[in-house]
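What follows is calculated from the coordinates using simple rules that are stated; it is not laboratory data. Because the structure is predicted, anything quoted here is derived from the model rather than measured. Glycine gets a Cβ as well: all are built from the backbone with ideal geometry, and neighbour counts include every protein chain shown.
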Amino acid sequence: MNSPTLQTYSCVIIDDSQMSIKTLEHFISKIDKLQLKGSFTDTIDAMAAFWTYGKIDFLFLNVQMEISGIDLARMLRNSVKFVVFISAYDNKAIDAFDKDNYFLFKPFDFKKFEDMVNELILAEHKNKEMLL
């Protein structure tokens, strides 16, 4: 059985802020098990490229863009293992979307980012073990 520490996890970032993208790219580069597939400031470009990636493990998705991050998450739901919403606000409207949401609030903090990623990977690994 694969250990969660040996597996790599694919990531895509969709955020209209280049500064946020650069920060998340840096965070992802600091965690060996994460592999960045692509970063996008434009949701249309992201949608066009996304389908070439196949299944993605982590999608870091800004809530407020030209196409709502919530709407985009709904469209990509079956192709993404974990959708992590990015927001500068504690947006209660997101809560109505799904009780199993994950959030990363601006300004970003590496420790919180790392803890969240590790928690999700560990939970997924435990769920797989329970199914065996």
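Some notes on this structure:
- Virtual spin-label span in nm between residue 77 and residue 122, 7 Å along Cα→Cβ: 2.9
- Set 33/106; 30/106; 81/126; 22/106 screened for pairs whose C-alpha atoms are more than 21 Å apart: 33/106
- Cα gyration tensor shape of the stretch 9-131, rounded if a/c is under 1.5, else prolate or oblate by comparing a/b with b/c: rounded
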